[in-house]
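Report on the following structure.
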Amino acid sequence: MTDEVAALVLRDNYEQATALGNARSQAHSLLPVHRRMLTTLEQSGQLNRELEALPTDKELAARHEAGEGLTAPEFAVLLAYVKISLERQVLADVLVDEAWTNDVLARYFPTPLRERYAARMAGHRLRREIISTALVNEVVNRGGTSFVFRAMEESGASAADVIRAYVVVRDIYGLPDLWAAAEQLDNEVPTPAQTLVYLETRRLLDRAVRWLVSNRRSPIDVAGEIARLRPGVEALLAQLPTVVIGVERRSLESHVTTLAERGIPEQLADAISRVVYGFGMLDILETARATGHDATEVAKVYFVISERFQIDVLLSHISRLPRGDRWQTLARMALRYDLYAALAGLTAEVLQSTPASAAPEDRLAEWEQVNAASMARTGNAMGNVEEAPADLAALSVLLRQIRTLVKTSSAV
């Protein structure tokens, strides 16, 4: 087993080195989060900044002003402490005793052991520790140093439920295939191109994980959610370029072109773009389940409404909001998810009040005619969305107008 054990060790080193490289690319933009992480670890007695030669808050503030962040050696220290802290939290949870983790345990061992002793692995004395170590390593390496911290901070979920949600999102969106494709580009494309693949998939991870922990009871049923969501997500991702319309279709196509220009092969660029723009699949599937309509039918209406209310423009405005502290970050997240919820609510209203035989555009037009007075008030209040300032006050008002439409039409 020597060669395979060596390969497993080198694999772990490879993934951790990749994680550190990815962290450096976001060192400045995520510095406020890294500062909060250091403070939290310090206040809980898990970290001594002076002992580890980590910068003070004053030094971090100066770096942020200078457009800098943590250095690679500092990230290495933080990465280690984050993993240690998360392993303690996971070990204290029932997650490591759930049936789906048996596969995590088996994958930890070399092939000969899996083949000969699979039936005895569940009785391993360090089973819980092995599972927690393997899961934490993967989640932090793939999601990023601050991934679990930010998800917990913004949603109130436990570390264990964030990890459960990560596994669900990873599997239903087929992210391992994208990561493997990126790794195959070693020494063939510039490293920044590979890093971009990882960072793009993290955008989906960040949003979808928060969606799951906010829309599902704790503890999340990992196996059940994968079985429930994966077929629908796979089918909708395949149809995505044909169901998105207008600005969003052009944005999707432009995204593919941009990634290709950065050195990512076009087929991989297309797959990544579908995943990034496929976050809405979760709301579409949820709406389909709640209304009893076919998922493709829901998707077509969903994207017609999205185009009509310039949801893509509003999301771009939200992405430009500052996230210098925890409250700014929470405000961004609240706006984003409230906007998606309003879009899903409008989709359900149109589906329930118009004939399925009509074209999606005609269904929306019929719904608008019935709700003409509300539409007029909303249109007057919203004005030109593209010219609206990208600040919290303006976006809160715009979102309120869209949400008012859902309430008004529900009351009709």
What is the helix-to-structure angle for 266-276, meaning the angle in degrees between its Cα long axis and the longest Cα principal axis of the chain, kept from 0 to 90 and rounded to the nearest 10? 70 degrees
At 1.4 Å probe size, with every protein chain present, just tell me what the per residue accessible area of region 1-151 comes to in Å². 53 Å²
Cβ-based charge dipole, the chain, positive-most Cα from Met121, Thr40, Leu392: Thr40
Among (1) 70, 54, 43; (2) 71, 44, 44; (3) 79, 59, 42, only one was calculated for this model; which label is it, if the read-out is Cα extents along the principal axes in Å? (1)
Given the -39500 (n - 2.57) contribution per DSSP H run of 4+ residues, what per-residue ellipticity at 222 nm results for the chain, rounded to the nearest 500 deg cm²/dmol? -24500 deg cm²/dmol
Relative packing of 130-143, 260-273, which averages over residues the other C-beta atoms within 10 Å, highest first: 130-143, 260-273
Rounded to 10°, Cα long-axis angle of helix 360-370 versus longest principal axis of the chain: 60 degrees
Relative contact order for region 212-350: what is it in percent, counting Cα pairs under 8 Å that are at least 6 residues apart? 25 percent
Provide the per-residue ³J(HN,Hα) series for region 100-116, in order, calculated from phi with Karplus coefficients 6.51, -1.76, 1.60 and θ = phi - 60°, each as a whole number of Hz, with x at glycine and proline positions. 5, 6, 4, 5, 4, 5, 5, 5, 5, 9, x, 3, x, 5, 5, 6, 8
For region 62-182, what's the relative contact order in percent, using C-alpha pairs closer than 8 Å and at least 6 residues apart? 26 percent
Which residues qualify? For Arg323, with a placed amide H closer than 5 Å and at least 5 residues away or on another chain, they are none
Residue by residue through region 212-229, which ³J(HN,Hα) values in whole Hz follow from phi under the Karplus form 6.51 cos²θ - 1.76 cosθ + 1.60 (θ = phi - 60°), with glycine and proline marked x? 5, 5, 8, 10, 10, 5, 8, x, 5, 7, 4, 4, x, 5, 4, 5, 6, 9
With +1 on the Cβ of every Lys and Arg and -1 on the Cβ of every Asp and Glu, the dipole magnitude of region 163-306 about its Cα centre, in debye rounded to the nearest 20, is 580 debye
Sparse-neighbourhood loop hits (trypsin sites (Lys or Arg not before Pro), region 211-243; DSSP loop; Cβ within 10 Å at most 14 others) -> Arg217
Average accessible area per residue (Å²) across region 254-358 - probe 1.4 Å, nucleic acids and ligands excluded: 40 Å²
Among 203-213, 49-59, what's the highest-first ranking by average C-beta atoms within 10 angstrom per residue? 203-213, 49-59
Karplus-derived 3J(HN,Hα) from phi for region 65-74 (6.51 cos²θ - 1.76 cosθ + 1.60, θ = phi - 60°), whole Hz, x at Gly and Pro, runs 5, 8, x, 10, x, 5, 8, 4, x, 5
First compute the accessible area of the chain with a 1.4 Å probe, then give the percent of it belonging to carbon and sulfur atoms. 52 percent
Before anything else, pin down the relative contact order of the chain: Cα pairs under 8 Å, at least 6 apart, normalised by residue count, whole percent. 13 percent
Taking the Cα centre of the chain as origin, sum charge times position over the Cβ atoms of Lys and Arg (+1) and Asp and Glu (-1), and report the length of that vector in debye to the nearest 20. 880 debye
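The values are calculated or read from the model by the stated rules, or taken from the named source; none is laboratory data. In this text, all values refer to a predicted model and were calculated from it rather than measured experimentally. Backbone-built Cβ (ideal geometry, glycine too); neighbour counts: all protein chains shown. Accessible surface areas use protein heavy atoms only, side chains included; no ligands, DNA or RNA. Shrake-Rupley method; radii C 1.70, N 1.55, O 1.52, S 1.80 Å.
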